[in-house]
1. How large are Rg and Dmax for the chain when only the alpha carbon atoms are used, in Å?
2. Taking the Cβ of each residue in Trp127, Trp112, Trp9 as the centre, tally the other Cβ atoms inside 10 Å and list the residues starting with the fewest.
3. With θ set to phi - 60°, apply the Karplus curve 6.51 cos²θ - 1.76 cosθ + 1.60 along segment 121-137 and write out the HN-Hα couplings as whole Hz, x wherever there is a Gly or Pro.
4. Among Pro124, Pro208, Pro162, which one shows the highest mean-square fluctuation when the chain is modelled as a Gaussian network with alpha-carbon springs under 10 Å?
5. Note the full-extension length gain between Phe239 and Arg222 as 0.36 nm times their separation in residues minus their Cα-Cα distance, in nm to one decimal.
6. Determine the relative contact order of the chain: mean sequence separation of Cα pairs under 8 Å and six or more apart, normalised by residue count, in whole percent.
7. Mean Kyte-Doolittle of at least -1.0 plus a Cα span of 15 Å or more along the axis: flag which DSSP H helices in the chain meet both, please.
8. What distance in nm lies between label points placed 7 Å from Cα along the C-beta direction at Gln42 and Arg253?
Amino acid sequence: MIWPAEDLWQALVAWQPGLTVEVLPQIDSTNTELMRRARAGQNEPVLLVAEAQTAGRGRLGRPWHGQAGDALTFSLGLPLMPHDWSGLSLAVGVSLAQSLDPDGALGLRLKWPNDVWVAQPGTPSGWGKLAGVLIETALTAHATPEQPRYCVVGVGINIAPPQDVGLSTEPLGLQQLWAEATAPRTLALVALPLLKALLAFERAGFAPWQPLFNARDALRDRVVTLSDGRTGTARGADFDGALCVDTAQGRERITSAEVSVRPQ
C-alpha cells in the first residue's frame, strides 16, 4: 500500500511541532507499542500506523486484529494536559464520524462510549460496528500532577467487509458504504481532524462536544440493558460524558468504568 506519510506529516507537524509519522508493515498493537515507548521515557508526539496487527486490543481487552488492507489501525500519541479527561473517547468518536460522514449521508452513529456504528436493518442487533477507539495514558518521565500525561488514542476502522465472528454487534466495512475506501485514503481523512480534536479537548474539555455526540448518539431514547441486568432508557451523554439512563430507580449516570451498555 502507498501511504501519504509525507503529506500527513507536513499537515500534522504544523499543529503539533515535533510530531513524526511511522508506518509499519506489522506489529502486535500500535497502542501497546506507544505505551511501551512512553514507559521507557519516549514521549514524543507520533502517529503510528500498522498495515497489520497481530494482537490489537479494544476496550476491556477485547481483541482487534487487522490484516493488511482489511482495516486501518493506528495510534496517535502525544502529551496532553486537559483540565478533565472525562468524555475524551466520545470526542474522538465525534471527530471520526464527522471526518468520514460530514453530512450524515452514510448514517454513522456513535455508540457510547467508544464505537462507531451504522444501522443495519435485518441483522440480529440492527447495527453494524464500523470502528472502535481505545484510549490509554501514561505518566511522562519525571511527571508531576501539574504536567501532561502521554495520551495514546488507538483507532481501528474496518475497511473491507469483515467476516462475522460471532460478535454481539455484526462488523461492518467502510467499503460497504464507500466503495472507494482504502486504509490510506481513510487515514488521510481522519488523522488531521483527530489531532485538532485532541488539542481542542485539551483546551476546552468535553463541553463543546456534548451536543455533537448527542446528535449522533445511537442509543438515544432506546431501551438498554446495563451490565447488572437492569434496563432503562438512554437519554444521551451528560456534561462530562457520562451516559444518562432512566431506570425504575430514577435517572442514573453511567461511566465507562462501571458498566457495559448494549441496546435491548
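What follows draws every value from the coordinates through simple rules; no lab data is involved. Just so you know, these numbers come straight off a predicted model, no measurement behind them. Every residue, glycine among them, receives a Cβ derived from its backbone with ideal geometry; neighbour counts consider all protein chains shown.
1. When restricted to Cα atoms, the chain yields Rg and Dmax of 17.9, 55 Å.
2. Numbers: Trp127 22, Trp112 25, Trp9 16.
Ascending number of Cβ neighbours within 10 Å: Trp9, Trp127, Trp112.
3. x, x, 8, x, 8, x, 9, x, 8, 9, 8, x, 10, 10, 10, 9, 9
4. Pro124
5. 4.2 nm
6. Across the chain, relative contact order equals 18 percent.
7. Answer set is 88-100, 183-204.
8. 3.9
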